[in-house]
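These notes are about the structure you will find just below.
The values are calculated or read from the model by the stated rules, or taken from the named source; none is laboratory data. In this text, all values refer to a predicted model and were calculated from it rather than measured experimentally. Here the Cβ is made from the backbone with ideal geometry for all residues, glycine too, and neighbour counts use every protein chain on show. When the accessible area is computed, the model is the full protein with side chains, heavy atoms only, and any ligands, DNA or RNA have been set aside. Shrake-Rupley method; radii C 1.70, N 1.55, O 1.52, S 1.80 Å.
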Amino acid sequence: RVLCFDLVAGKPQVTACDAAALPLADGVLDAAIFCLALMGSNYVQFLTEAHRALKPRGMLKIAEVRSRFESVDAWLGMMTASLGFELVARDESNTHFLLFLFRKGAAPPAPAEAVPLKPCLYKRR
């Protein structure tokens with residue numbers, strides 16, 4: 001079964017909610033996918049919520065715009081040292097997007113200060 005959450009439900013199969021407070025019990029998801037989903041200033045809460053909702057050893061896939069990262073290594077440090085995820089794969093081969101695959105670690109997330117991500121600026125073409 002596939003579940004879809006977004007701030008606004010544009011389609012009937014999407015549940016409108018704040019990604020920092022998913023309407024799910026603890027440890028119920030096998031996987032979570034965040035595709036351009038770290039736009040909120042409280043994105044660390046989104047990731048902490050994903051950790052809560054994932055089953056032990058559950059997988060988190062993130063696709064994000066490359067230009068938003070000042071330091072990928074600092075961001076990965078936050079993900080692994082503070083938020084309780086283990087980096088499984090990192091793909092920087094695309095010129096516009098970065099792809100990451102994480103596994104939920106055994107340690108619960110610790111309070112973490114967000115590594116700033118730059119705003120996503122859209123260019124008119």
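Please give the charge dipole size of the chain, origin at the Cα centre, charges +1 on K and R Cβ atoms and -1 on D and E Cβ atoms. Round to the nearest 20 debye.
I would put it at about 420 debye.
Here are several values of P(r) over Cα pairs in 10 Å bins from 0, in percent: [x] 9, 25, 24, 24, 14, 4, 0; [y] 12, 45, 34, 8, 0; [z] 14, 39, 32, 13, 1. Which one was derived from the coordinates shown?
Read-out taken from this structure: [y].
With every protein chain left in place, what is the accessible area per residue of the chain in square angstrom, probe 1.4 Å?
I get 63 Å² per residue for the chain.
What's the carbon and sulfur percent of the chain's accessible surface, probe 1.4 angstrom, rounded to a whole number?
Details: 4490 of 7840 Å².
Exposed carbon and sulfur together represent 57 percent of the surface.
Normalised by the residues of the range 19-84, what does the relative contact order come to in percent, with Cα pairs under 8 Å and at least six apart?
On the way: 69 pairs, mean separation 26.5, N = 66.
Once normalised by length, the contact order is 40 percent.
Residues of the range 16-50 with the amide nitrogen closer than 11 Å to a label point 7 Å from the Cα of GLU113, along Cα-to-Cβ, please.
Correct set: none at all.
If packing is taken as the average number of other Cβ atoms within 10 Å across a peptide's residues, how do 99-111, 45-57, 3-15 rank, most packed first?
In decreasing order of mean packing, 99-111, 45-57, 3-15 become 45-57, 99-111, 3-15.
For the chain, with the dipole built from +1 on Lys and Arg beta-carbon atoms and -1 on Asp and Glu ones, taken about the Cα centre, which of ALA110, ALA25, VAL14 lies farthest toward the positive end?
About the Cα centre, the residue reaching furthest to the positive side is VAL14.
Can you list which of the GluC sites (Glu not before Pro) found in the range 53-123 are DSSP loop residues with at most 12 other C-beta atoms within 10 Å?
On the way: sites: GLU64, GLU70, GLU86, GLU92, GLU113; in loops: GLU70, GLU92, GLU113.
Qualifying residues, ordered by number: GLU70, GLU92, GLU113.
Grab the beta carbon distance between SER71 and ALA106, set R0 = 35 Å, and tell me the FRET efficiency rounded to 0.05.
Given R0 = 35 Å and the Cβ-Cβ separation, E is 0.85.
Would you calculate, for the chain, the mean residue ellipticity at 222 nm contributed by helices, counting each DSSP H stretch of 4 or more residues as -39,500 (n - 2.57) and dividing by all residues, to the nearest 500? Could the numbers behind the result be given before it?
Values: 2 runs with 17 residues, N = 125.
So the helix-based figure for the chain works out to -3500 deg cm²/dmol.
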